[in-house]
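Read the structure below first, then the notes.
Just so it is clear, none of the values below were taken in a lab; they were calculated from the coordinates. Note that the coordinates shown come from a computational prediction; the quantities given were computed from them, not determined experimentally. Methodologically, a virtual Cβ is constructed for each residue, glycine included, from the backbone with ideal geometry; neighbour enumeration extends over all protein chains shown.
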Amino acid sequence: MSADADKPPIARRVALHAGLIAMCLAIVLPLLWVLRVSFVAPEQSYSTTLLPGFSTQNYQALLSGRFGRSYLNSIVVSLGSVLIALPFAAMTGYAFARFSTGGRFARFLMLATQMLPPVALVLPSFTLLKGLALTNSLTGLVLVYAALNLPFLTWILMGFFKAIPVDLEWAALTDGATAWGAFWRIVLPVSLPGLAAAGVLGFILSWNEFLFALVLSGPSTQTIPVALAALQTSNGVQIGNVAAGVVLAILPLVVASRFIQRFLVEGLTYGSVK
Amino acid sequence: MASIDLRSVSKLYPNGSYGVRDVDLRIENGEFVIFLGPSGCGKSTTLRMIAGLESISAGDLFIGDRNMNRVPPRDRNVAVVFQSYALYPHMSVRANMGFGLKMRGATGEEIARKTEETAALLGLGQLLDRKPAALSGGQRQRVALGRAIVREPDVFLLDEPLSNLDAQLRAEMRLELVKLHRRLGRTTIHVTHDQVEAMTMGDRICIMREGRLIQAGRPLDIYADPVNLFVARFLASPAMNLLPVRLSQEAGSLVIDGGEGLRFTVPARHVAAYAPHAGTQVIFGLRPEDIYEAPQGARTQPFALRVTAVEALGAEIILSGTAGGGTARPLEITARLSRHARVQAGETVTLHADLLPAHLFDPVSETAIARPSLRGAA
Ligand SMILES: Nc1ncnc2c1ncn2[C@@H]1O[C@H](COP(=O)(O)OP(=O)(O)OP(=O)(O)O)[C@@H](O)[C@H]1O
Ligand SMILES: [Mg+2]
């Protein structure tokens, strides 16, 4: 018998591949179209030719306006909120994973915040920031995003910490470490990949956030999603600019998703226990 | 001084089950104690309570003269080899072994020297710069052992530290551990499932079952005088033959009657102890090694064994067969003969049992019927 005997019949394989290719196209084609439009002169955006000449006109137009500024804002807000939220999330997540801190109620509360529709939170946060004179400021946005990220990151990190064998901490404790020492010297280093993955997820979440940014930011503190929406003017949609903006907005996410994959694939405690 | 004193110590888990129940045990300073028992009997839980990693639900724990119930692990100067090894995955072997010294404020020079010494002792010299992920199971286990040894603590708690080693390495490490114990003289608890480790390494064996301490004593004492059927079955392999028989008084002597010609007379030495049980069903416990192919003077009494299987192990032969009991339910008996015995499956052979070391057990309470011990007296 040849090895071919194990494979499904040729007709089935062709059908299977055709189906998969169709699904891939459904996902990839719009992206490819956006990429194409972004590199084509605006008046040819809707032309039927596949590639009617190459032009960086859209990008130049976009970056000559406020988009560069928005890009910077997005980076500051996303990074800042993650950097603020992550340490708190790590400590809370660890407490939730290892101790009975807060009991069931605290854990439920944390999940419950995730169930509220964002609209319900926008106005209260606006009022809060107004009281602190932080509306239209990046600081305000960073703080709000950090607060939004906190429950989510805590939940993810709790999972990571739970997956670390408690024996590791016990070993550290008998070796003479304090509870904090065991956390700092053993648990944190061991869960670095998890922290990185959580950080990247938090970054993406903040990067894509629209509603809060719309309400809480002003012209100089606009983030990318708001800036992109603003391209929809009364003169119609500037499709070329939007396409260029989308391509630029996606870039960091492409890089981030590569990182996430690497961190998640790397085992956390491989080799430490049998 | 690091004696360990457990006073009716219990561990009640939050799910309502007891991991350990009412354990009373005093381990003297410098003693080497073996914990033996089936999986889930509470050996690791007991170690964790001694190390301070698990709270004590009831009872008191003393190390030396100090009540340790509420003392954190780092102030107990106890080193643990975890059943799972629990090596720090992000640290090299060197850093793993040095961590405890570092936490206790040793100088860099001291850490380096002690780590190198211990690594050499355990044959890990070449592996000091590897991460745990790049080690074999046996190597990891030795690193775990090294991490404990290097600290020279007051108390060693070793949870199956040799379980993952091959036979030769295990024999070597067994010797190393015993030598180490002799040299350092530290109080040691060693958990094992291995009969040889249990019998040869320790001053005392503690046999546990379902969270309770069943019997504690010198290895040969427990072997000679198991307190109940569980211990009789558990210690030694092949296990003791446990035969349901009838004890009866006949013509001035006490007879163990297994039916169909399986009859033994109770030795005069034990008659006084066993006589009150005459006329009842008992369990007759006879070790396979107390059965011989030839009579050993007046000590032994003959019986016929229908051999069903022969296992030649080289140094000895393990015979399995049936005897007595009537054809409906013959009694299964295992015998351990010298390698010179010539026996084949299917034969019926006459063997000779030494009744002096044998025991009788109460079939209901499963405890041994008390009789004068042969040990100490002998
Ligand atoms: N965290 C826990 N919660 C509830 N029950 C537990 C917990 N840890 C252990 N147990 C139970 O306590 C009992 C004793 O467990 P322990 O780990 O001490 O057994 P052991 O004697 O070390 O077994 P083994 O030889 O398999 O290592 C077991 O029945 C186990 O299921
Ligand atoms: Mg165990």
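Per-structure values
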quantity: DSSP-assigned coil residues among chymotrypsin sites (Phe, Trp or Tyr not before Pro) in the stretch A:48-138, each with at most 16 further Cβ atoms within 10 Å; calculated: A:Phe54, A:Phe99
quantity: Label-to-label distance, nm, for residues given as B:Leu313 and A:Gln232 (7 Å Cα→Cβ offset); calculated: 8.2 nm
quantity: Over chain A: helical MRE at 222 nm, DSSP H runs n ≥ 4 each giving -39500 (n - 2.57), nearest 500; calculated: -23000 deg cm²/dmol
quantity: Derived scalar couplings ³J(HN,Hα) [the stretch B:54-63; Karplus, 6.51 cos²θ - 1.76 cosθ + 1.60; whole Hz; x for Gly, Pro]; calculated: 10, 5, 9, 6, 7, x, 10, 10, 10, 10
quantity: Per-residue [θ]222 nm for chain B (sum of -39500 (n - 2.57) over DSSP H runs n ≥ 4, rounded to 500); calculated: -7000 deg cm²/dmol
quantity: Amide H contacts under 5 Å for B:Ile27, placed H, 5+ residues apart; calculated: B:Ile4, B:Asp5, B:Leu6
quantity: Under 14 Å, Cβ to Cβ, from A:Ala179 - net charge with Lys/Arg +1 and Asp/Glu -1; calculated: 0
quantity: Cα gyration tensor of the stretch A:152-270 - equivalent ellipsoid semi-axes, whole Å, descending; calculated: 43, 15, 9
quantity: Cβ-Cβ FRET estimate between B:Asn69 and B:Ala167, R0 fixed at 25 Å, reported to 0.05; calculated: 0.05
quantity: Top of B:Pro38, B:Pro14, B:Pro72 by mean-square fluctuation, Gaussian network on chain B, Cα under 10 Å; calculated: B:Pro14
quantity: At most 15 other Cβ within 10 Å, DSSP loop - chymotrypsin sites (Phe, Trp or Tyr not before Pro), the stretch A:191-227; calculated: A:Phe210
quantity: Whole-angstrom gap from the stretch B:1-55 to the stretch A:97-111, using each part's C-alpha centre; calculated: 31 Å
quantity: Average other protein chain Cβ within 10 Å of Cβ, residues A:163-170; calculated: 5
quantity: Gyration tensor (alpha-carbon) shape descriptor, the stretch B:217-311, a/c threshold 1.5; calculated: oblate
quantity: Antiparallel DSSP beta bridges within the protein assembly as shown, as percent of all bridges there, nearest 5; calculated: 80 percent
quantity: Semi-axis lengths, Å, the stretch A:1-145, gyration tensor of Cα atoms, sqrt of 5 times eigenvalues; calculated: 44, 34, 14
quantity: Convex hull projection area averaged over all views, the stretch B:1-134, Cα basis, nm²; calculated: 10.0 nm²
quantity: Whole-Hz ³J(HN,Hα) from phi, Karplus 6.51 cos²θ - 1.76 cosθ + 1.60, for the stretch B:352-365, glycine and proline x; calculated: 10, 9, 8, 7, 4, x, 6, 10, 10, 10, 6, x, 8, 7
quantity: The protein assembly as shown, Cα convex hull volume normalised per residue, Å³; calculated: 285 Å³
quantity: Kyte-Doolittle at least 0.5, axis length at least 27 Å by Cα - qualifying DSSP helices, chain A; calculated: A:10-38, A:67-98, A:138-163, A:239-265
quantity: FRET efficiency, B:Val255 to B:Arg233 (Cβ-Cβ, R0 25 Å, nearest 0.05); calculated: 0.50
quantity: Separation in nanometres of the label points that stand 7 Å from Cα toward Cβ, at A:Phe210 and B:Leu184; calculated: 6.5 nm
quantity: For A:Val40, residues with placed amide H under 5 Å, excluding near neighbours; calculated: A:Ser55
quantity: Distance in nm between pseudo-label sites at B:Asp24 and B:Ala273 (7 Å out along the Cβ direction from Cα); calculated: 2.2 nm
quantity: Ratio Rg/Rh, restricted to the stretch A:105-164 and using Cα atoms, in which Rh is the Kirkwood radius; calculated: 1.08
quantity: Backbone HN-Hα couplings from phi across the stretch B:239-244 [Karplus 6.51/-1.76/1.60, Hz, Gly and Pro as x]; calculated: 5, 4, 5, 10, 10, x
quantity: Cα long-axis angle, helix B:167-184 against chain B (0 to 90 degrees, to the nearest 10); calculated: 70 degrees
quantity: At 0.692 mPa s and 37 °C, Stokes D of the stretch B:140-203 from Kirkwood alpha-carbon radius, µm² per second; calculated: 275 µm²/s
quantity: The stretch B:237-361: C-alpha pair distances exceeding 24 Å, %; calculated: 24 percent
quantity: Rule-of-thumb Rg ratio for the stretch B:94-172 [Cα; 2.2 N^0.38 Å; N residues]; calculated: 1.07
quantity: Extension gain, A:Tyr46 back to A:Val28 (0.36 nm per residue minus Cα-Cα distance, nm); calculated: 4.6 nm
quantity: Mean separation of Cα contacts under 8 Å, 6 or more apart, over the residue count of the stretch B:237-361: relative contact order %; calculated: 30 percent
quantity: Tilt relative to chain B, helix B:93-103 - C-alpha long axis, 0 to 90 degrees, to 10; calculated: 70 degrees
quantity: Helix B:108-121 vs. chain B, principal-axis angle (Cα, 0 to 90°, nearest 10); calculated: 30 degrees
quantity: Qualifying trypsin sites (Lys or Arg not before Pro) for the stretch B:51-129 [loop in DSSP, other Cβ within 10 Å: at most 12]; calculated: B:Arg70
quantity: Cα principal axis extents for chain B, largest first, Å; calculated: 79, 45, 40
quantity: Debye intensity ratio in log₁₀ form over the Cα atoms of chain A, taken at each q of 0.08, 0.10, 0.13, 0.17 Å⁻¹; calculated: -0.50, -0.73, -1.00, -1.26
quantity: Chain A - percent relative contact order, Cα under 8 Å, separation 6 or more; calculated: 29 percent
quantity: Residue of A:Met158, A:Met23, A:Met115 that the Gaussian network model of chain A assigns the largest fluctuation, springs spanning Cα pairs under 10 Å; calculated: A:Met23
quantity: Chain B, relative contact order in percent, only Cα pairs under 8 angstrom and at least six apart counted; calculated: 15 percent
quantity: Amide H partners (placed H, <5 Å) of B:Ile214, local residues excluded; calculated: B:Ile207, B:Met208, B:Arg209
